[in-house]
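One structure is given below, encoded as structure tokens.
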Amino acid sequence: MNDKGQPGRILLLPGDGIGPEVFVPVLGMLETIRKSGKANLEWEEAYIGGVATDKTGVPLPPETLQKVDRANAVLLGAVGGPRYDTLPYELRPERALLGIREYLGAFANLRPARIFPELVGASTLKPEVISDLDLMVVRELTGGIYFGKPRGIVTEGGVRRGINTETYSEPEIARIARVAFELARKRRKKVTSVDKANVLESSVLWREVVGLVHKDYPEVALEHMYVDNAAMQLVRNPKQFDVIVTGNLFGDILSDEAAQLTGSIGMLASASIGGKTGLYEPIHGSAPDIAGKDLANPLAMILSLAFLFRYSLDREDLAGQIEGAVRAVLSQGIRTSDIQGEGSVKVVGTREMGDRVLREFSNAQGR
Ligand code: NAD
Ligand code: IPM
Ligand code: MN
């Protein structure tokens, strides 16, 4: 995308809970960019998750998918909430999330855990353990136990049984491994493949295929690690990791753990790529415990917009300016309550944090 060519068309899916709250500064940034003339952008909104079920009867309505088809990039807030937890499985908000990832073919979920130097004191871990942390979780996103069949709840002889299937094909493993090695090549050249090959056949194949793909990347070091050990190593010595590649379920769990290393789950953005259109979302959920209370940290959402500019619209300049604005506000000691700690000068709410980042960003646009 450039200023004169086709517009970058962004689909906005705020979703449920804190989703719409953390979206406010994102809308402000898009407006600021449009006014500055620095990019030719168009955007529209659609429903996903619980709010979509409320409005249309289903969590991922056809109108939303039509808008997905028109978009160059999709930005999502969060879905879910206790109100929807008792709905039939197919109507649950989380189904929409899996549905849109599958629809887009976004098989590679990049969840980078980098700590802002300003937040080293905000982590629950010791500064020496997490300072300069910079690791990348590459989570397989459209396969594994999340999608495997058979699945369901069946009744056999009057006894109910819940069934899910962990399954990975060789091509599915090879393509996610390739993403990890390509990323590692431009980083510190180390891939840790996380599996449970001491117990699961799907992991035995995973380990073998990752090893085969590795042959094309001799300059990258590969190690294999069992997931239980990886969970422990992540809090013991996270700086040993560069790129972690793993399946859908293990990646879900380990990325929440990695998020906390950076201070809060409210800091971690993600990019889901590999399909025609990229999907960008914070890794956190709808946080029903704090929704509507002006307590949510909007930075993961704001940083997801930066990823969108970087990976889908090829606008490293705008991505850098967004990240710079976040950094500037953190360096002033401004914190939401989840990241307060040493170095915090003023604890603010969602709105004020968003306003301040937006102001920094707008100033950078004027330059
Ligand atoms: P969650 O990520 O919503 O919240 C976990 C904890 O982290 C909560 O204490 C919450 O207050 C806190 N938290 C999360 N985001 C925060 C932020 N931006 N700022 C400050 N604190 C933050 O996970 P959960 O409570 O297990 O799930 C709640 C709902 O969200 C469920 O319905 C779940 O299915 C859904 N969910 C959705 C997504 C998504 O849309 N991508 C991701 C995870 C969970
Ligand atoms: C995430 C979430 C989702 C997942 C849920 C809500 C379906 O936890 O994006 O990390 O498990 O992928
Ligand atoms: Mn998760």
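The table that follows gives values for the structure above.
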quantity: For Glu219: the one exception among (1) part of a helix (DSSP H, G or I); (2) out of contact with any strand residue (DSSP E or B) (no Cβ under 8 Å at 6 or more places or on another chain); (3) open to solvent by 30 Å² or more (accessible area, probe 1.4 Å); (4) more than 14 Å from ligand 3 (Cβ to nearest atom); calculated: (1)
quantity: Residues satisfying the stated conditions in segment 92-116, i.e. part of a helix (DSSP H, G or I) and either touching a Gly at 6+ places or on another chain (Cβ under 8 Å) or outside the structural domain of Gly77 (by TED's automatic domain parsing) (or both); calculated: Pro93, Glu94, Ala96, Leu97, Leu104
quantity: Residue tally, condition of a type in the set (D, E, K, R), in contact with a helix residue (DSSP H, G or I) (Cβ under 8 Å, 6 or more places away or on another chain) and open to solvent by 10 Å² or more (accessible area, probe 1.4 Å), over segment 112-151; calculated: 2
quantity: Residue check for Gly263: open to solvent by less than 10 Å² (accessible area, probe 1.4 Å), over 14 Å from the mean Cα position of the chain (by Cα) and within 22 Å of Met301 (Cα to Cα); calculated: yes
quantity: Failed item, numbered, when Ile163 is tested on (1) among the hydrophobic types (A, V, I, L, M, F, W, C); (2) more than 18 Å from the chain's Cα centre (by Cα); (3) under 30 Å from Val235 (Cα atoms); calculated: (3)
quantity: Qualifying residue in segment 278-289 (condition: more than 16 Å from ligand 3 (Cβ to nearest atom) and either open to solvent by 20 Å² or more (accessible area, probe 1.4 Å) or in contact with a Leu (Cβ under 6 Å, 6 or more places away or on another chain) (or both)); calculated: no
quantity: Segment 1-52, residues that are under 13 Å from Arg315 (Cβ atoms) and either buried (at least 18 other Cβ atoms within 10 Å of the Cβ) or touching a helix residue (DSSP H, G or I) at 6+ places or on another chain (Cβ under 9 Å) (or both); calculated: Met1, Gly8, Ile10, Met29, Leu30, Ile33, Ser36, Lys38, Ala39, Asn40, Leu41
quantity: Which listed residue, of Leu183, Leu125, Leu110, Leu76, is modelled with pLDDT under 95 and in contact with a Leu (Cβ under 8 Å, 6 or more places away or on another chain); calculated: Leu125
quantity: Of all residues making up segment 152-171, the number that are of a type in the set (Asp, Glu) and surrounded by 12 or more Cβ atoms within 10 Å (Cβ to Cβ); calculated: 2
quantity: Whichever residue in segment 240-250 is part of a loop (DSSP other than H, G, I, E, B) and touching a Leu at 6+ places or on another chain (Cβ under 8 Å) and, among such residues, is farthest from ligand 2 (Cβ to nearest atom); calculated: Asp242
quantity: Single match in Pro117, Pro61, Pro127 (criterion: within 25 Å of Pro288 (Cβ to Cβ) and away from ligand 2 (no atom under 16 Å from the Cβ)); calculated: Pro61
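Listed here are the residues, each with its yes/no results for (1) touching a Phe, Trp or Tyr at 6+ places or on another chain (Cβ under 6 Å); (2) among the hydrophobic types (A, V, I, L, M, F, W, C); (3) part of a loop (DSSP other than H, G, I, E, B).
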position: Val235; (1), (2), (3): no, yes, no
position: Asp252; (1), (2), (3): no, no, no
position: Asp256; (1), (2), (3): no, no, no
position: Tyr280; (1), (2), (3): yes, no, no
position: His284; (1), (2), (3): no, no, yes
position: Pro288; (1), (2), (3): no, no, yes
position: Leu295; (1), (2), (3): no, yes, yes
position: Leu305; (1), (2), (3): no, yes, no
position: Phe309; (1), (2), (3): no, yes, no
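The values are calculated or read from the model by the stated rules, or taken from the named source; none is laboratory data. The structure presented is a predicted model; accordingly, all values stated were derived computationally and were not measured. Don't worry about glycine lacking a Cβ; one is built from the backbone with ideal geometry, like all the others, and counts go over all protein chains shown. Heavy atoms of the whole protein, side chains included, go into the accessibility calculation; ligands, DNA and RNA do not. Shrake-Rupley method; radii C 1.70, N 1.55, O 1.52, S 1.80 Å.
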